[in-house]
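Participant: Sharing a structure below in structure tokens format, with a few things to ask.
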2 protein chains.
Amino acid sequence: MSIPAPLDPSERLLCGPGPTNVTPAVLEAMQLPMLGHLDPDFHDLILDLVALARHAYRASEAALVLPLQATGTSGMETGLVNLLEPGDVAIVGVSGFFGKRIAEIARLTGAEVVEVEAQLGEHVPNERLLEALDANPRARLLAVVHAETSTGARHPLAELGAAVRDRDVLLMADCVTSLGGVELEFDGWDVDFAYSCTQKCLGAPPGMSPVAVSERAMERVRSRTTPVPFSFDLLRLEDYWIKRPIVYHHTCPILHIYALHAALRGALVEGLEERWARHAEAGAYLQNAIRARGMELLAEPDYQLAPLTAVCVPEGVDGKTVQTRLLREHGIEIGGGLGPGAPPIWRIGLMGDNASIVTADRVLAALDAVLADEPVLSGVG
Amino acid sequence: MSIPAPLDPSERLLCGPGPTNVTPAVLEAMQLPMLGHLDPDFHDLILDLVALARHAYRASEAALVLPLQATGTSGMETGLVNLLEPGDVAIVGVSGFFGKRIAEIARLTGAEVVEVEAQLGEHVPNERLLEALDANPRARLLAVVHAETSTGARHPLAELGAAVRDRDVLLMADCVTSLGGVELEFDGWDVDFAYSCTQKCLGAPPGMSPVAVSERAMERVRSRTTPVPFSFDLLRLEDYWIKRPIVYHHTCPILHIYALHAALRGALVEGLEERWARHAEAGAYLQNAIRARGMELLAEPDYQLAPLTAVCVPEGVDGKTVQTRLLREHGIEIGGGLGPGAPPIWRIGLMGDNASIVTADRVLAALDAVLADEPVLSGVG
């Protein structure tokens, strides 16, 4: 075959739904000397990393926290295949692409899935989830999306956790777009399984999925009678990551572990609450500026996420063309709608280092420039 | 919590069973500007990467080649969960840890597994695998380990492929320690599913598993009637990696993709056969030097792998202490035996850039220095 040229990717300001630009200190960490995954020094480093991830989740020592080599979706699947067995009932709140995906993967486990739906951009009201629980007393799992990356809507997870605390059901939450950028209290909110990713509010490259698992969720895992795929088996993964001497399971992604260590350490140095506040400020600034331009947001105002803003494409504007021009003329990536049923939206992410007024202003200026000479196809602009 | 210090790992010469030291050009590629995974420029890059991986496997255009975000073990599991359904019969050649693992994961799929065993360090003779096929005419999968990382033994895969070519059984091969370092002809040897990793002979960091799947294996996948875990589903993964416009499946590990692109491109610039020859020369040099010192190798001489040499720890020597001293006094990592049933061995890897006489000499000099003053516990030294 002919030899392709060396890679020469262009600079991008990554303001889509993720990945975001990698924090410089995180990139630097990936250039440090690589230890072997069975090196005793590396084992110490992993335990530090677990402690850092535990802190980011606000999870207690009783919870199992693991930085899995996985995509966010594989983190989701890890939870579902460990917590559900064939014939179990799972209740899933669905008002976007990722709620729908939870339901889809839950069905693959052989579970019976009850979807409680709401409109895109809305959250699924907790009362309706509780009604579904009342109607399905056998339900073993209740799953919601804390931060719906496809719409920018936040689920009132604290209130849901308090409401189901005394029920015999496990609470699972998709925290892919919230961990490190939005208030999240794994223990305080009585969550049983949470999963996230590294490439959004944490500012690391994509490649890992930090998960947190409560003690009662692990009891459920220990009492299952049907097998779990080897790669996703939380009991084996606990042996590999936590127990000493280590039990070989796989070779973990060492440079991604360095990256996540640096990213989480950076979040801790900044302060978790300060980091949430920075994301909140940048998101609110962008959202106000978008509304001031006469454009509408997809999410309910009271449940609008800060790191991810879904903007309704103004009528008559070709959203995809605007996205392409932002990329090609301004080097700025923003996202479009996700999946075949998505309405015409732009998804703008201000995550990690990009959660700043400066970045918001760069996106707004580029959007203004493109919209100023973009033909409007019909009457409204 | 108290803030841990920034990472400060020591320099290591990584000469265990993997990971190996990352090639400098590969590390440099990981510092290039990060594109989003839905960026049109990134899609071109992925197709280049697939072409490079296809070349490394010597796979034709008819084969599906995917650089999965997965460990080597997850690459193994991807093959097994796609190619086996509950009740299928799988025949697995087992003469080491990874053959045993194939059998274990195959059982998790609900398949009936026939293990054909040989001693550690030997290969499972093809005649015995063919006898097992004759005795199990319903067998749908025959799996062997091309390069058994736990013992350093090579399976005669070319001959096996020729022998089963006309049978209605799929041939799967673990190529974790062979891809890029040992002769391997996916198409020429009629392999149906091969998986590997990035951190051994390719000289990239751990984090991905390039796999190759034959057309007839994909026909099998398309005709299954039971579901596959979402993250491992080859039909969904094919849609994500290959088809355009892209169908969203997950966010792929962008910097690892840069790394693998640079690693495979480097292998192509060097020349695949030249690279195999370099590994062969370095391995043979090390093995001759070990034998010249009166030590024995675990693998059968005619089936000894070049990249991985398992050395029998001389009687009376504490193998683990020697490993620790090599690490602490010389900054050199070598491996020990893998798993509870392993004999006392050292596993020395000369892979990627470390497949050189210079590296072999460094390891030998350090080993000589440590053994010179290491107390011998009993008579033999």
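The values are calculated or read from the model by the stated rules, or taken from the named source; none is laboratory data. Remember, it's a predicted structure, so these values are computed and weren't measured experimentally. No Cβ is skipped: glycine too gets one built from the backbone with ideal geometry, and neighbour counts run over all protein chains shown.
Participant: If I ask for residues that are of a type in the set (D, E, K, R) and in a loop (DSSP other than H, G, I, E, B), which ones from region B:297-315 would you list? Walk me through it before giving the result.
Facilitator: Within region B:297-315, the first condition is being of a type in the set (D, E, K, R), and the residues that meet it are B:300, B:302, B:315.
Correct list: B:Glu300, B:Glu315.
Let's see how each residue does on (1) among the acidic types (Asp, Glu); (2) over 27 Å from A:Glu77 (Cα atoms); (3) outside the structural domain of B:Tyr195 (by TED's automatic domain parsing); (4) surrounded by fewer than 17 Cβ atoms within 10 Å (Cβ to Cβ):
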residue	(1), (2), (3), (4)
B:Leu64	no, no, no, no
B:Thr71	no, no, no, no
B:Leu80	no, no, no, no
B:Phe98	no, no, no, no
B:Thr109	no, no, no, no
B:Val124	no, yes, no, no
B:Glu127	yes, yes, no, yes
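Participant: Then there is this: Could you please let me know if A:Ala262 is over 30 Å from B:Val176 (Cβ atoms) and either modelled with pLDDT of 95 or more or under 21 Å from the mean Cα position of the chain (by Cα) (or both)?
Facilitator: No, not satisfied.
Participant: Please specify each residue of region B:219-231 satisfying the condition of being without any contact (Cβ under 8 Å) to a residue 40 or more places away in the chain and exposed (fewer than 15 other Cβ atoms within 10 Å of the Cβ).
Facilitator: Going residue by residue through region B:219-231, those that are without any contact (Cβ under 8 Å) to a residue 40 or more places away in the chain are B:219, B:222-223, B:227, B:230-231.
Within region B:219-231, B:Glu219, B:Arg222, B:Ser223, B:Pro227 qualify.
Participant: Still on this model: With within 27 Å of B:Arg347 (Cβ to Cβ) and aliphatic (A, V, I, L, M) as the only criterion, which of B:Leu133, B:Leu83, B:Leu141, B:Leu108 stands out? It would help to see each step written out before you state the result.
Facilitator: Details: B:Leu133 fails: within 27 Å of B:Arg347 (Cβ to Cβ); B:Leu83 fails: within 27 Å of B:Arg347 (Cβ to Cβ); B:Leu141 fails: within 27 Å of B:Arg347 (Cβ to Cβ).
None of the others qualify; the one that does is B:Leu108.
Participant: Identify all residues within region A:156-172 that are surrounded by fewer than 16 Cβ atoms within 10 Å (Cβ to Cβ) and assigned to a helix (DSSP H, G or I); write none if there are none.
Facilitator: Filtering region A:156-172 down to residues surrounded by fewer than 16 Cβ atoms within 10 Å (Cβ to Cβ) leaves A:159, A:162, A:165-168.
Within region A:156-172, A:Glu159, A:Ala162 meet the criteria.
Participant: Looking at the structure I just gave you, is A:Gly294 at positive phi and more than 11 Å from chain B (Cβ to nearest Cβ)?
Facilitator: Values: at positive phi: yes; more than 11 Å from chain B (Cβ to nearest Cβ): yes.
In short, yes.
Participant: For region A:232-259: of the residues being in contact (Cβ under 8 Å) with a residue 60 or more places away in the chain, within 11 Å of chain B (Cβ to nearest Cβ) and assigned to a helix (DSSP H, G or I), which is surrounded by the most Cβ atoms within 10 Å (Cβ to Cβ)?
Facilitator: Step one: filter region A:232-259 for residues in contact (Cβ under 8 Å) with a residue 60 or more places away in the chain, giving A:232-234, A:237-238, A:241-242, A:244, A:246, A:248, A:250-259.
With within 11 Å of chain B (Cβ to nearest Cβ) added as a condition, the list becomes A:232-233, A:248, A:250-259.
Checking the rest, the ones that are also assigned to a helix (DSSP H, G or I) come to A:232, A:254-259.
On the way: A:Phe232: 23, A:Ile254: 26, A:Leu255: 26, A:His256: 24, A:Ile257: 25, A:Tyr258: 26, A:Ala259: 29.
So, considering only residues that are in contact (Cβ under 8 Å) with a residue 60 or more places away in the chain, within 11 Å of chain B (Cβ to nearest Cβ) and assigned to a helix (DSSP H, G or I), the one surrounded by the most Cβ atoms within 10 Å (Cβ to Cβ) is A:Ala259.
Participant: Confirm whether B:Asp192 is modelled with pLDDT of 95 or more, in contact with a strand residue (DSSP E or B) (Cβ under 9 Å, 6 or more places away or on another chain) and either closer than 22 Å to B:Gln304 by Cβ or surrounded by fewer than 21 Cβ atoms within 10 Å (Cβ to Cβ) (or both).
Facilitator: On the way: modelled with pLDDT of 95 or more: yes; in contact with a strand residue (DSSP E or B) (Cβ under 9 Å, 6 or more places away or on another chain): yes; either closer than 22 Å to B:Gln304 by Cβ or surrounded by fewer than 21 Cβ atoms within 10 Å (Cβ to Cβ) (or both): no.
Considered against the rule, which asks whether it is modelled with pLDDT of 95 or more, in contact with a strand residue (DSSP E or B) (Cβ under 9 Å, 6 or more places away or on another chain) and either closer than 22 Å to B:Gln304 by Cβ or surrounded by fewer than 21 Cβ atoms within 10 Å (Cβ to Cβ) (or both), B:Asp192 comes out as no.
Participant: Across region B:45-88, what is the total count of residues that are of a type in the set (S, T, N, Q), away from chain A (no Cβ under 11 Å) and assigned to a helix (DSSP H, G or I)?
Facilitator: The qualifying residues number 1.
Participant: Restricting attention to region A:324-341, which residues are of a type outside the set (A, V, I, L, M, F, W, C) and at the interface with chain B (Cβ under 10 Å from one of its Cβ atoms)? Full working, then the answer.
Facilitator: The first filter runs over region A:324-341 and keeps only residues of a type outside the set (A, V, I, L, M, F, W, C), leaving A:324-325, A:328-331, A:333, A:335-337, A:339-341.
Within region A:324-341, A:Thr324, A:Arg328, A:Gly331, A:Glu333, A:Gly335, A:Gly336, A:Gly339, A:Pro340 qualify.
Participant: Right, next: From the set of residues in region A:173-208 that are facing chain B (nearest Cβ under 10 Å) and small (Gly, Ala, Ser), which is nearest to B:Arg107 (Cα to Cα)? Walk me through it before giving the result.
Facilitator: Of the residues in region A:173-208, the ones facing chain B (nearest Cβ under 10 Å) are A:176, A:197-200, A:204-208.
In the following step, the residues that additionally are small (Gly, Ala, Ser) were identified as A:204, A:207.
Values: A:Ala204: 37, A:Gly207: 28 Å.
By that ranking, first place goes to A:Gly207.
Participant: Right, something else. Only one of these is at pLDDT 95 or above, farther than 21 Å from A:Gln119 by Cβ and more than 24 Å from the chain's Cα centre (by Cα): A:Gly283, A:Gly319, A:Gly294. Name it.
Facilitator: Details: A:Gly283 fails: more than 24 Å from the chain's Cα centre (by Cα); A:Gly319 fails: farther than 21 Å from A:Gln119 by Cβ.
Of A:Gly283, A:Gly319, A:Gly294, the one residue that is at pLDDT 95 or above, farther than 21 Å from A:Gln119 by Cβ and more than 24 Å from the chain's Cα centre (by Cα) is A:Gly294.
Participant: Taking only region A:193-218 into account, find how many residues are part of a loop (DSSP other than H, G, I, E, B) and free of Cβ contacts under 8 Å to residues at least 60 places away in the same chain. Write out each step before concluding.
Facilitator: Narrowing region A:193-218 to residues part of a loop (DSSP other than H, G, I, E, B): A:196-208, A:214.
Now restrict to residues that are free of Cβ contacts under 8 Å to residues at least 60 places away in the same chain: none.
Residues that pass the stated criteria total 0.
Participant: Continuing with this model, one more query. Could we say that B:Glu185 is modelled with pLDDT of 95 or more, of a type outside the set (S, T, N, Q) and within 26 Å of B:His155 (Cα to Cα) here?
Facilitator: Details: modelled with pLDDT of 95 or more: yes; of a type outside the set (S, T, N, Q): yes; within 26 Å of B:His155 (Cα to Cα): yes.
In short, yes.
Participant: Please specify each residue of region A:270-325 satisfying the condition of being surrounded by fewer than 17 Cβ atoms within 10 Å (Cβ to Cβ), of a type in the set (S, T, N, Q) and in contact (Cβ under 8 Å) with a residue 40 or more places away in the chain.
Facilitator: Of everything in region A:270-325, just one residue is surrounded by fewer than 17 Cβ atoms within 10 Å (Cβ to Cβ), of a type in the set (S, T, N, Q) and in contact (Cβ under 8 Å) with a residue 40 or more places away in the chain, namely A:Thr321.
Participant: From the list B:Ala143, B:Ala118, B:Ala132, B:Ala111, exactly one residue is away from every other protein chain (no Cβ under 14 Å), closer than 30 Å to A:Leu108 by Cβ and of a type outside the set (D, E, K, R). Which is it?
Facilitator: Working: B:Ala118 fails: closer than 30 Å to A:Leu108 by Cβ; B:Ala132 fails: closer than 30 Å to A:Leu108 by Cβ; B:Ala111 fails: away from every other protein chain (no Cβ under 14 Å).
Just a single option satisfies the conditions, and that option is B:Ala143.
Participant: Within region A:1-40, which residues are facing chain B (nearest Cβ under 7 Å) and of a type in the set (Asp, Glu)?
Facilitator: Matches in region A:1-40: A:Glu11, A:Asp39.
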